[in-house]
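Asker: This is the structure I have questions about; it appears just below.
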Amino acid sequence: MPELVFFSGTMDCGKSTLALQIEHNRSARGLQGMIYTRDDRAGEGKLSSRLGLVTEAVEAVEDLDFYAHVVGVLTAGGRADYVIADEAQFLAPAQIDQLARIVDDLGVDVFAFGITTDFRSKLFPGSQRLVELADRVEVLQVESLCWCGARATHNARTVGGRMVVEGAQVVVGDVNQSESAVGYEVLCRRHHRRRMTAATAHAAALSPDVLPVDAPSGPMAAGTGPDGTAHRRHHDPAVTSA
Ligand SMILES: Nc1ncnc2c1ncn2[C@@H]1O[C@H](COP(=O)(O)OP(=O)(O)O)[C@@H](O)[C@H]1O
Ligand SMILES: Cc1cn([C@H]2C[C@H](O)[C@@H](COP(=O)(O)O)O2)c(=O)[nH]c1=O
């Protein structure tokens, strides 16, 4: 059965890499897919991963009708054995419906990749529609980590290292930007709620007001989680000072 699959995760967890791997494995077996992306950091018509891989793609502009486009390719004698859509969070809900129609009416697998929530932890409209329509939602297995060592589940937008909560929903950007630039950082929910980025946590840890008596000597300290299991985590000044 053909499927609409939504591969989701935070920024920087390997979604584009997986998209490129799926493309590689299928094309190695003689299949030919349609690859779409929107506003990739590498530029228009590119699907790129931070591992350095990049491939040509169709830029899924605002008024692109995916269903009509694939039908056009097939009618012109081309092939569309599967469809890959990266940065799917940027797509309009109507475009997600078109992707579902490709699955149902053309019998073609569609693999969509994207982040679920924005810097305010609100669903992107495209991602919401994917959650509503997808046959499967797959959360990527390679977890990205918050500065504290916990699994990162949220995307923060930062300016000068500080988390911001005002601004347009869409601002193309990257993690690990210089502190002066607008950038992104993945955080666990606790630190997203507290707006505590690596930079602000580091600054707070250096403040004598919040240093705990048993402050760890290095940036990472061995500790025991609430469940009693040993783990390594960064000192969280907010917890100590609460
Ligand atoms: N130098 C590196 N060595 C090994 N893995 C890396 C390196 N740089 C990036 N990665 C991996 O690539 C992932 C980001 O992949 P990418 O496909 O660009 O993410 P996404 O599309 O989800 O934003 C990182 O989480 C990490 O696992
Ligand atoms: C959280 C958030 C992200 N974006 C942008 C930033 C990047 O250009 C993409 C995500 O790309 P990735 O391959 O998953 O790293 O989305 C945005 O526009 N608005 C946001 O709130």
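Asker: What number of residues within region 1-36 are over 23 Å from THR153 (Cα atoms), within 15 Å of ligand 1 (Cβ to nearest atom) and touching an Asp or Glu at 6+ places or on another chain (Cβ under 8 Å)?
Answerer: Looking only at that region, the number is 2.
Asker: Quick one: would you say ASP65 is more than 23 Å from ASP135 (Cβ to Cβ) and either out of contact with any Phe, Trp or Tyr (no Cβ under 6 Å at 6 or more places or on another chain) or of a type in the set (S, T, N, Q) (or both)?
Answerer: When the stated conditions are applied, ASP65 does not pass them.
Asker: Considering region 59-73 alone, what residues qualify as being part of a helix (DSSP H, G or I) and surrounded by 14 or more Cβ atoms within 10 Å (Cβ to Cβ)?
Answerer: Scanning region 59-73 gives PHE66, TYR67, HIS69, VAL70, VAL71, VAL73.
Asker: When the residues of region 172-194 are narrowed to those that are closer than 27 Å to ALA19 by Cα and more than 15 Å from ligand 1 (Cβ to nearest atom), which ends up modelled with the lowest pLDDT?
Answerer: VAL182
Asker: Moving to a separate point now. Do you know which of the residues in region 148-163 that are within 16 Å of ASN176 (Cα to Cα) and among the polar types (S, T, N, Q) is nearest to the chain's Cα centre (by Cα)?
Answerer: ASN155
Asker: For LEU51, which of the numbered conditions (1) loosely packed, with under 14 Cβ neighbours inside 10 Å; (2) in a helix (DSSP H, G or I); (3) within 17 Å of the chain's Cα centre (by Cα) fails to hold?
Answerer: It fails just one condition, (2).
Asker: Okay, next question. Among the residues of region 74-84, is there at least one that is in contact (Cβ under 8 Å) with a residue 24 or more places away in the chain, within 16 Å of ligand 1 (Cβ to nearest atom), surrounded by 14 or more Cβ atoms within 10 Å (Cβ to Cβ) and not in a helix (DSSP H, G or I)?
Answerer: Among the residues of region 74-84, at least one is in contact (Cβ under 8 Å) with a residue 24 or more places away in the chain, within 16 Å of ligand 1 (Cβ to nearest atom), surrounded by 14 or more Cβ atoms within 10 Å (Cβ to Cβ) and not in a helix (DSSP H, G or I), which makes the answer yes.
Asker: May I pose another question? Any residue at all in region 105-120 that is part of a helix (DSSP H, G or I), more than 16 Å from ligand 1 (Cβ to nearest atom) and farther than 30 Å from CYS188 by Cα?
Answerer: yes
Asker: Report, by residue number, each residue of region 121-131 that is assigned to a helix (DSSP H, G or I) and touching a helix residue (DSSP H, G or I) at 6+ places or on another chain (Cβ under 8 Å).
Answerer: PRO125, GLY126, SER127, GLN128, ARG129, LEU130, listed by residue number.
Asker: Next question, about the same structure. Considering only region 60-106, state which residues are out of contact with any Ser or Thr (no Cβ under 7 Å at 6 or more places or on another chain), closer than 20 Å to PHE7 by Cα and acidic (Asp, Glu).
Answerer: Passing the criteria: ASP81, ASP97, ASP104.
Asker: Now for a separate question. When you go through LEU31, LEU18 one by one, which is the residue that is closer than 21 Å to ASP135 by Cβ, more than 16 Å from ligand 2 (Cβ to nearest atom) and not acidic (Asp, Glu)?
Answerer: Details: LEU18 fails: more than 16 Å from ligand 2 (Cβ to nearest atom).
Sole residue among the options that is closer than 21 Å to ASP135 by Cβ, more than 16 Å from ligand 2 (Cβ to nearest atom) and not acidic (Asp, Glu): LEU31.
Asker: Could you list, ordered by first residue, the pairs with Cβ atoms under 6 Å in which the first is in region 145-168 and at pLDDT 95 or above and the second is within 12 Å of ligand 2 (Cβ to nearest atom) and among the hydroxyl-bearing types (Ser, Thr, Tyr), at least 6 apart or interchain?
Answerer: Listed pairs, sorted by first residue: ALA152/THR10; ALA152/SER144; HIS154/SER121; ASN155/THR10; ASN155/TYR184; ARG157/TYR184.
Asker: Do you know which residues across region 3-41 are part of a strand (DSSP E or B) and either at positive phi or over 12 Å from the mean Cα position of the chain (by Cα) (or both)?
Answerer: Answer for region 3-41, where residues must be part of a strand (DSSP E or B) and either at positive phi or over 12 Å from the mean Cα position of the chain (by Cα) (or both): LEU4, VAL5, GLY33, MET34, ILE35, TYR36, THR37.
The values are calculated or read from the model by the stated rules, or taken from the named source; none is laboratory data. Since this is a predicted model, take the numbers as computed values, not measurements. Quick reminder, even Gly has a Cβ in these numbers, built from the backbone with ideal geometry, and neighbours come from all protein chains shown.
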